[in-house]
Ligand SMILES: Cc1ncc(COP(=O)(O)O)c(C=O)c1O
């Protein structure tokens, strides 16, 4: 069976095109539910505990009941059937109480990003919730593509840089250190971002303005599926180094960290 064709629905593993949820489920009608995307390398889950913790937190903040034991059992059942795959598991729980996991392919190589800044204000009520309400994030990417970019960079109306629609951002303004916007700016508490901050002594949280970005030396997006992906241009400004030396160090350190953690 192809990598993308397998699903688990409420504990039952089945072909993805046979997995269905009801049209009255508020997960579908209102984007009311929570999700995670977890990396899988040759059948081994990376950072599963972190994803479970974040999902439990999201569910609690959204006043959604979830059974974490069932989530773990679903993912294990999916992987048992799929074998030693490399890709990602998208897992979500809806307000209607359905638990769904899907195996997704992840591109092996990605081109450096061309970013267009898109104005965005994170909804405060969804602080600390990785919810299914991602219509705004998806639209931001489409608007960026309409501007000739490959991805959006979310920036507040006051010019504070936040993140990508599905990624964190790291930037070097001085060529020696990396900065990433603080969680107090209501960016997602990204697992990749957290790991990179712990791994790289020259990385820290700091507010970055759109204006400051004009002089950036290098930048990258970080996420579960992208890991470390260099940025080549932001709006009209080409970055001088793609990937820059700090981006390369971050990519190497993160790859080594994954290998260590998986015991490879
Ligand atoms: C808004 C947003 N920021 C950042 C990330 C990166 O988070 P992680 O590193 O946990 O994949 C994601 C991932 O989906 C996201 O949706």
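Near the ligand (Cβ under 10 Å from one of its atoms), modelled with pLDDT of 95 or more and more than 24 Å from residue 258 (Cα to Cα) - does that describe any residue in the stretch 155-169?
Within the stretch 155-169 (the criterion being near the ligand (Cβ under 10 Å from one of its atoms), modelled with pLDDT of 95 or more and more than 24 Å from residue 258 (Cα to Cα)), the answer is yes, since at least one residue qualifies.
What residue, of 6, 28, 78, is at pLDDT 95 or above, buried (at least 17 other Cβ atoms within 10 Å of the Cβ), more than 16 Å from the ligand (Cβ to nearest atom) and closer than 28 Å to residue 124 by Cα?
28
Give the number of residues within the stretch 161-181 that are part of a loop (DSSP other than H, G, I, E, B) and under 20 Å from residue 53 (Cα atoms).
2
In the stretch 21-39, which residues are over 14 Å from the mean Cα position of the chain (by Cα) and not in a helix (DSSP H, G or I)?
21, 22, 23, 24, 25, 31, 32, 33 - these are the residues of the stretch 21-39 that are over 14 Å from the mean Cα position of the chain (by Cα) and not in a helix (DSSP H, G or I).
Look at residue 168 and say whether it is assigned by TED's automatic domain parsing to the domain that holds residue 134 and surrounded by 15 or more Cβ atoms within 10 Å (Cβ to Cβ).
Judged against the criteria, residue 168 is a match.
Do we have residue 52 as within 16 Å of the ligand (Cβ to nearest atom), more than 16 Å from residue 223 (Cβ to Cβ), in contact (Cβ under 8 Å) with a residue 12 or more places away in the chain and part of a helix (DSSP H, G or I) here?
yes
Kindly establish whether residue 215 is surrounded by fewer than 21 Cβ atoms within 10 Å (Cβ to Cβ) and at positive phi.
no
If you go through the stretch 239-255, how many residues are crowded, with 18+ Cβ neighbours inside 10 Å and farther than 26 Å from residue 41 by Cα?
2
Take residues that are more than 15 Å from the ligand (Cβ to nearest atom) and tell me which of the helices (runs of 4 or more DSSP H) falling wholly in the stretch 186-264 contain 1 or more.
It comes to 210-213, 245-262.
Residue under question is residue 164, and the condition is that it be touching a strand residue (DSSP E or B) at 6+ places or on another chain (Cβ under 6 Å) and farther than 24 Å from residue 248 by Cα; does it hold?
Criteria not met by residue 164.
Of (1) within 16 Å of the ligand (Cβ to nearest atom); (2) at positive phi; (3) in contact with a strand residue (DSSP E or B) (Cβ under 8 Å, 6 or more places away or on another chain), residue 148 satisfies all except one. Which?
(1)
The values are calculated or read from the model by the stated rules, or taken from the named source; none is laboratory data. Predicted model, so just to flag it, every value in this text is computed and none were measured. In this analysis, Cβ positions are derived from the backbone assuming ideal geometry, glycine residues included, and neighbour counts consider all displayed protein chains.
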